[in-house]
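Contents: one structure, followed by commentary.
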Amino acid sequence: MHFDNYLIKTITVLMAISMPLMCLASENYNLGYSHIQDGMKINEHSPGRMIVSLDTLKPLIIKEIAEGKLYDFLKVSGYNYFQTPGKPHLPYKSILIAVPKGAEFDYKILSYEKELIENIIPIPAPKYVQPIIHNEYLKKDMHDVEKLRFITAEDQNIYRDNQVYPEQLVEIAGRGTFRGIDLINLRLQPFKYLPENQSVIVYNNMIVEISWSNENISKSDRRAMHSFPFKEIIGGMLINSLDDCTNFDVDNLDSDACPPPGSSVFSGGTSEGIKIVTRDEGIVKVTGNYLVSSGIDISFLRPANLFLKNQDTSIPILFEGNSDDIFDNDEYFLFYSKKVDNRYTDKNLYWLYKADEPVSRISDESSISASIIPLEYLHFHHAEDNKKYMQEIEDAGYVDDHWFVKAPMWAPIVRPFSITIDNVSSVAAFGIFRILLQGITFSPDMKSHHSKIYLNGNLVDDAYWGDTSSKYLFEGVVPQSYFTEGSNAVNVELPGDSGSDYELVFLDWIEAEYWRNFTSMDGSIIKFSYSGDDTFQFQIQGFNEDSAIVFDISNPDNPVNISGISIEPEGSKFKIVFGFPVTGTKTFYIAAESGLKTPVEVISDTPSQLKDPMNGADYIIIADPEFIDEANILAGSRTTRGLRTKVVDIIEVYDEFSGGVFDPIAIQTFLEFAYNNWVSPAPYYVLLLGDASYDHRNYHGYGEFHWVPSTFIHSLEMGETCSDNTYGCMDGPDDFIPDMIVSRIPARNLIQAQEMINKTIAYEAISGTEDWMKHVVTVADNDEAFFEMLGTDFESMIPEDFSSREIFLSRYSTPADCTNDILTELDNGCLMMVYSGHGSVQSWTSESIFSNTDIARLAANYKTPLILMLSCLNGYFPFPDTFESLAEEFLRRSDGGACATIAATGVSYPSIQKYFAQGIYKSLFLERNQNLGTAFLQGKLNVFAELGDDAENVIKTFSLFGDPALRLPVEPSPTLTPTQTPTSTRTLTPTLSLTSTPTQTRTETPTYIPTGSQTPTYTPTLIYTPTDFPVCTPRIRNTIAVIQPPAVPVKPVPVQTKPFALILSPTPVLDDLLAASLEYEKEFYVFSVVPFMDRFFILLLSLILMSVLVFRKDL
C-alpha cells in the first residue's frame, strides 16, 4: 500500500519540532533501579505503619506469536513479571519491607483509579522443558543432547474458564527471615486480565496502607543482625528502615565473654569414649583382643562399669568373663546392633563409655515349656539393586529415594526381573506381593502409564496409572502357591498403549511377604516375628553349630537374653528349641557363634567442645580430617584480618550432632547451634573444605567419598540437585534465605586442598594496582536474544574507571574464534568474567565455546578473575567419579583459572538469574565492596527483594566456590565521597532504526477508560538510585507489532514502499526489539514516544530527523 510522501514529511517535521519542546516537560531518564521509583512513592511513614502509592507506568504492548497464537506482552520498564508457567505474564511491582521477627503484618488498599485496555490477550508465562535429567545425561556434551527449551501453554483455568488473574491487587509474594528480622516481599499488581472480555484493567494511583506489630525482637536476633555489614546490605533494598525492627543498637547487646577478635579456636580434649562402628543388624561380639588390635588401651576398662549409647539412648550389654573386674584379652561383651539403611549410610555407631558406678546389663529370661509348636511364620523379603541415579523424579511419598535398578524400561517392552527366597511353606494359603515402579512421561493425561505385573507367570496386576512423573506401588494378596523355592520370576510388561508418546519406567524394588518354615537362613542366624496370645515352643532347624544365643529384640534398644534353650542334633545339623510367651507380636534373633557380628571398626575418640556456648567465631571452616592442616593455614590468614576463626573437623560435627553417624543434617544442626548459642556476634562465614558426592553408599563403585557432604533439594525442572545454601538457613525447613555466607572449596585430595588454599592466599597478597584489576569481560551465548541483552545490561553497571569487553558468540564467524578470545582475556587477566547463556556441567553454549579442556590451555597466571556463570549446571559438583564441573575446574587450576567461581547446581531461568547478578554488580561496582561473600549474599537477597518466593530456586542452586572472605581488588571510586551513593555514569543511546523491506503491519491504539476519583500526587523519596535493568521476557517470541498506549490517541503512521520505522523509546525497549529482529529476521514498524527520555537524546534524535528530512530525497 502506498501513501502520500507529503504526509510522511509533515509528520516527521512535526515530530522533529516537538521533541525539544517535550524535553522541557520530561524528566531525566535515569539508568537506576529502586523499589522507590518507577512510580512508587512513600506518602507517610511512622513506627509500625506506612502509606505507599504506585503511579502505574503506561505499558508498551508488544504483539507476539507463540504456539501459533497471537498474544500481547505488556512491557513496563522497572517492573517484574509473573513467572508461573501458563498464567498471564503480566507486570507487577515489588517492594521489600523489614518487620520484627514473627510480627503480625497487614495491608489495606485505600484508593485507586482504573483504566481499561481492550482487545488484549496477555501471553502466558513460559515453561522450560528438557529431557529427563539423570547422571548419564549430565555427562554428555551439550551438542549431543536436547537443550533446555520453552513452551507456551495456557492455564485453562484462566484462559478458557474466564478466571480473573491476578485475583488480588496486592498480595504477599514471599516472607522469609534474615538474621533475626522478617523480610516481606509485597507485590502490587496493577494489571488484571479479564479473559471474558479479552481486556486488561490498569489500576492507577494505588494507595496502600501497610502496618505491622512493633514488638521488640529477642536478644539472639539482635546479636544476629549486629555483625558484619548485614544492616548495610539489606538496608539499601528496603522500602522502610531497619529501625522499624527496633533494638539494633550495639549498646543494647550484652557484654558476653567471647574469644577476642583475631583468635583461632580448634576443638580438642582427652580421650574418654570409644566408637564402635557396625554395619549389619545382629548380635555384635567385641573381644578384648579386638579392642587391643584396634589400638585401644583396655587396662582402664572395668567390665562392671561399661555401658553403650546410641543416639543418646543407653544400650545394655551382656558381658562374658570372670568376675575380677578386669577386661582380659579373651573376655568379650555382646550387644544388639540395629540396622541403619538410608541414602547416606548403612553404618551405625555405638559409644562405649565407662561409668563411675556399675550399670545395668541385658536382662535374662528362661525358656519355658510349651505345647503349641508353630510350623511357619510370615517372612518379609525386600529386594533392591540401586545402580541407577535419577534426579528428575517426583518425591511425593517416597522422599530421598532416587536410586533404581539400572535397566530402564521404554514402552512397549517386557522386562524380566527375579527375587530369590527360601524355605517357602506349602501349608499357608496366601502371601503379599509388592512392587514399586517409577514412571516418567510428558503426557498431559493423568493416566499416562499402563503396566502388567507377572509373578512366576501369574498376572497379579494390570493398571493404568501415573501423571507426568510418579511412582506406582502395587500391593496385593496373592496365593502362597505363586511363590516358589529359589528364584522367582517377576516380569514387568509395558504394552505402550497408554496414549503417551514418551513412556519410561524404572523398577525401584520388589517385596514378598510369604510364609516361611522355621529354618536358619544360612546355618548361623535367623530373625523372625510371631504374633499370638499364648506360650509357644519354637523349633528352628538348620543350624551348623551346637551353640547359639537367643535374644528377644521386640524392643531392640533393650533386648532380653533367653537362657535355658535346647540344642538338639538333627542329622548333620542342629535344632534350636525354646519356649516363650507371646502377647501381640514378638521378634526374636538367634545367632550361632559363627553368626555373631564383628564391628567394622573401633576408634578411640577425642571429644570436641562444639556445644560449649563460650565458643565464638565469625568464620567457621568445616573440613575433612585430611584437610585440617590446610584449614588452619587459611584460618590463620583470616585471623590476621581480625576475624575470629574456628576450624572444625567434620567427624566432630557428626559425633556431637548426629551421634557419630554420617548425616549431612548434622552440619545444619551444628551451624544452627553455633548461630543461636555461641557468643555474639553470630557467625557469618562458613567454608566447606572438601568435595561432595550424591553416591554416599558407593552404589556406582567409585568409593565411599564422605569429604563434606552437601544437602539435596528438589529444584526447578531438574528434580534433585545439591545445595549448600541450606546450611546457611537458620529458620526451619522451609527457609531459603541464608543467614550465613556458605561456600565450598571442593578438594578431593590433600594436593587439591593445598593448591586452592595457597592460590587464595597468594591472590590477596598481590600488592599495588594493575590494569587487569579494573577490567571486566562479558561472554554471551547466541541461542537466545535475552543472553546478549543481559550482557549489555551488565555492561551499563560497570563504572567509567573500569574497562570492559563483550565477547558475544553471535559476533564470531566460528566458535573457535570466540574461544580464542576468551582464552586471551583470561591469560591477560581480568577482575571478573561473566557468562550468560546455555550451560552444561562442563561447558558453555551448545557449540562449547569454553569447557574443562580449555582450562588446561590457559597460561600460568596470577591474574585470576572471579567467574560468574549465569547458566545451568556449570556448578553441579556431586559426581562421585572425576567428572568435575566447570566451576570446580576453574578453581582447581593451581597456577591460573579463577580465584573463585559462582555457578548453579541446577536449572533456572535467565529472567530470574539477572536479579541475582544485579545484586552482585551493585555490591562490587556501585558500592565498591571488596568482599566476595558480601557480593554473593547481596545477589541472593536482591533476587528475593525483586521476586519473593519466585526467587527460591535461584537462591538455593547458585553456589560459591572459593573462600567466602576473599577480598577482591576493588578500589573505592575516585569520584565518590563516603556519603555519596555510587551510580553508573555510562550512557545508553536510543536508536533510530531504518528498515527497507515493506511489511504489512496493523497497529491498533488501545482505548483507556478512566474511572474512579483523582488522588493527590506525592513526591517520591528515593532510598538509592543504582543502575536500571530492563525486565524482559525469558525469550522474545515472534514479535510482529509494538503499540505504546498514549495519553492522547495517536493515529498509526502509514508507510511507503521504502518505509522507515521510528523507534523512540528507552534503550531497554530497543534492546528487546532489536534482539528479536536479529533472531527472527522480522521488521518492526513502531511509533512509540515514551516519557522520561533523556533531554539530550531527544535533541540528538531531532537533529537526526532533520537530517533525514533534508538528505532522504526518496521520501
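Readers should treat all values here as calculations from the given coordinates under stated rules, not as data from a laboratory. Keep in mind it's a predicted model, so treat the numbers as computed, not measured. When we count neighbours, we look across all protein chains shown, and the Cβ atoms used for this are built from the backbone with ideal geometry, even at glycine.
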### Query
So if R0 is 60 Å, what FRET efficiency would residue 521 and residue 497 give, r being the distance between their Cβ atoms, rounded to the nearest 0.05?
0.90
### Query
By how many nm would the segment from residue 546 to residue 167 grow when fully extended, if each residue of separation counts as 0.36 nm and the alpha-carbon distance is taken off?
128.7 nm
### Task
Starting at the first residue of segment 367-384, write each ³J(HN,Hα) from the Karplus equation 6.51 cos²θ - 1.76 cosθ + 1.60 with θ = phi - 60°, in whole Hz, x for Gly and Pro.
5, 10, 6, 7, 9, 8, 10, x, 9, 7, 9, 7, 9, 9, 10, 10, 10, 8
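Got a sec? How would 850, 588, 430, 105 order by Cβ neighbour count within 10 Å, fewest to most?
Working: 850 27, 588 23, 430 13, 105 17.
The fewest-first ordering by Cβ neighbours comes to 430, 105, 588, 850.
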### Query
Given H placed 1.01 Å from N in the peptide plane, which residues other than close sequence neighbours of residue 896 have an amide H under 5 Å from its amide H?
861
### Message
Can you give me the distance in nm between label points at residue 474 and residue 297, each placed 7 Å from the Cα along the Cα-to-Cβ direction?
### Response
6.3 nm
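May I ask you to compute the full-extension gain from residue 65 to residue 209, defined as 0.36 nm times their residue separation minus their alpha-carbon distance, rounded to one decimal in nm?
Values: separation 144, 0.36 × 144 = 51.84 nm, distance 3.95 nm.
Extra length available between residue 65 and residue 209 comes to 47.9 nm.
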### Task
Figure the gain on full extension for residue 612 and residue 632 (residue separation times 0.36 nm, minus the Cα-Cα span) and round it to one decimal in nm.
5.2 nm
### Task
Between residue 814 and residue 385, take the C-beta separation as r, use R0 = 41 Å, and let me know the FRET efficiency to the nearest 0.05.
0.30
### Message
In Å and on Cα atoms, what radius of gyration and Dmax does segment 273-362 show?
### Response
13.0, 45
### Message
Starting from the 7 Å offset along Cα-to-Cβ, what nm value, one decimal, do you get for the label separation of residue 766 and residue 420?
### Response
6.1 nm
### Query
For a paramagnetic label modelled at 7 Å from the Cα of residue 699 toward its Cβ, which residues of segment 319-352 fall within the zone defined by backbone nitrogen distances under 15 Å?
341-346
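Take each of the peptides 181-190, 420-429, average the number of other beta-carbon atoms within 10 Å over its residues, and list them starting from the highest. Each step should come with its number before you reach the end.
Details: 181-190: 23.2, 420-429: 14.4.
So the peptides 181-190, 420-429, ranked by packing, come out 181-190, 420-429.
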#### Entry: Amide hydrogen neighbours beyond the local backbone of residue 206, cut-off 5 Å, H modeled
54, 56, 113
### Task
Compute the FRET efficiency between residue 749 and residue 353 as 1/(1 + (r/R0)^6), taking r as their Cβ-Cβ distance and R0 = 30 Å, and round to the nearest 0.05.
0.30
#### Entry: Positive-end residue, segment 378-514 charge dipole about Cα centroid, Cβ charges, pick of 499, 466, 410
410
### Summary
Here segment 53-63 yields Karplus 3J(HN,Hα) values (6.51, -1.76, 1.60; θ = phi - 60°; whole Hz; Gly and Pro given as x) of 9, 10, 8, 4, 6, 5, x, 8, 9, 10, 7
### Summary
In whole Hz, the Karplus estimates of ³J(HN,Hα) for segment 588-598 (6.51, -1.76, 1.60; θ = phi - 60°; x where Gly or Pro) are 10, 10, 10, 9, 6, 4, 6, x, 6, 8, 10
## Note on the structure
Listed by chain and number, the residues whose amide H is under 5 Å from that of residue 90, excluding neighbours fewer than 5 places away on the same chain and using placed H, are 82
